[in-house]
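Worksheet: one structure, shown below.
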Amino acid sequence: MKKIVFIPPNGSFKKQDFSILRISKYLFSMNQYELIVIYIDEISSECKKYFHKLIQVNSKQEIINKLNSYNYDYIFHRSWMHSYSFAAELAKRFDKVIVYIKDWEFAKKDVYRYLFGNSQDFDAIELIFKKAYKVLSHFSQEQIDIWEQTYKIDVNKFIFFPDYCDEDKFIYKKIVTYKPELIFAGNISPTSYSEDYFPGKAHLRAIRKVTKQGINITFYIPPMVYDIAFGTHLDLYRDLAFENRFNRNFFIIKGGNLDTSIIKGMGFGFFELESSCLNDNVIKYAVVSKFAFYLEAQIPMLVNKRFQAISKIIKKYNLGIVFENDDLNTLKEILEKVSQSDYERYLENIKKFRKYFTYNENLLNKVFL
């Protein structure tokens, strides 16, 4: 039985990221691998169920020491922005390191340094691309082709691997009357951040533009983010809190982690209504985790054309509506043109497509060959 050692970003689990949980859950059910996790801090009780061995350490150096003395077949490491230096260290030191990256191409180096105080990720990501055994990402082939030209890398090691659906989370709706309303599930950024690189201001502008047409918009925010945004850091999110208080068509609700049942009502799930950031490369060729969540909840999607990877899927499988920025001014007309039969067709198409877009044995065996 092959051994896979899992390591979260910088050794610590991100409370807003469930990719390791979902992947280990399916691998555990396959009963073909021995799963070990090495981590700092804490691990959720649910995640603990899907590992044969749990190793808690106190530092990243201890993780490296454990790996030096441990026999394994693969190291599976999840990595994010600001965690890439550690991922690069693992890829450089050890064989068979599979790095599963989340977001890149955020900004040019000088802007990145200004926004985040460092630019170490640039050297680290290049080393990951060159030294890792395989690189998994939620970016489609178009982005990988760009990386091939930029970093002169072997594209054969790259695997398109977005967050897929978990069949246990599937909602099966009974058909009810279609209502032209919108749902957003996920994290939000403050409206005080730079509009060129964060969607907060565009979110606020679009909310006001759309709700003036009488369309209801509901934001379901994960518990941790909700407590920060509308508790300890309210000043950064006061514009959105104001809308929630005084805009009769806008609602902010504290959601639950991976709880598809909270958005099972009729309507359309969306990603960003107005896409106006300079860093569109982060989303242009990405299939973000929200996509799988909406599929699980059986929610048709409303997607801006600038989300090119997702909009292609939406069009091909008829899972919802693709629109452009200018369409926001007449969004009410667009939504009202959707008939009950149109909506029911979306629901049926989602049920068919999500069975294909789900973790499965062939998919994971391709990663761990």
**Request:** Among residues belonging to the stretch 247-270 that are assigned to a loop (DSSP other than H, G, I, E, B) and touching a residue at least 60 places away in the same chain (Cβ under 8 Å), point out the one that is surrounded by the most Cβ atoms within 10 Å (Cβ to Cβ).
**Result:** 267
**Prompt:** Of 204, 236, 278, which residue is in a loop (DSSP other than H, G, I, E, B) and modelled with pLDDT under 95?
**Reply:** 278
**Request:** Starting from residues that are under 26 Å from residue 15 (Cα atoms) and among the aromatic types (Phe, Trp, Tyr), keep the ones in the stretch 177-222 and report whichever is surrounded by the fewest Cβ atoms within 10 Å (Cβ to Cβ).
**Result:** 193
**Subset of the stretch 288-342 [over 30 Å from residue 161 (Cβ atoms) and either part of a loop (DSSP other than H, G, I, E, B) or not assigned by TED's automatic domain parsing to the domain that holds residue 262 (or both)]** = 337, 338, 339
**Message:** Can you go through 20, 38, 43, 63 and tell me which one is of a type in the set (A, V, I, L, M) and closer than 22 Å to residue 104 by Cβ?
**Reply:** 20
**Asked** Being in contact with a Leu (Cβ under 8 Å, 6 or more places away or on another chain), part of a helix (DSSP H, G or I) and among the small types (Gly, Ala, Ser), is that true of even one residue in the stretch 78-100?
**Response** yes
**Complete:** Residue pairs within 9 Å by beta carbon, gap of at least six or interchain, first lying in the stretch 207-221 and assigned to a loop (DSSP other than H, G, I, E, B), second of a type in the set (S, T, N, Q), listed first then second, are 212/249; 213/249; 213/329; 213/330; 214/249; 215/249; 216/249
**Fill in**
Here, strands (runs of 3 or more DSSP E) confined to the stretch 1-62 with at least 2 residues that are hydrophobic (A, V, I, L, M, F, W, C) and touching a Phe, Trp or Tyr at 6+ places or on another chain (Cβ under 6 Å) are 2-7, 33-40
**Single unsatisfied condition, residue 171 versus (1) in a helix (DSSP H, G or I); (2) modelled with pLDDT under 95** = (1)
**Matching residues, the stretch 1-28, being over 23 Å from the mean Cα position of the chain (by Cα) and surrounded by fewer than 16 Cβ atoms within 10 Å (Cβ to Cβ)** = 1, 2
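The values are calculated or read from the model by the stated rules, or taken from the named source; none is laboratory data. Predicted model, so just to flag it, every value in this text is computed and none were measured. Cβ coordinates were reconstructed from backbone atoms using ideal geometry, including for glycine residues, and neighbour counts include every protein chain displayed.
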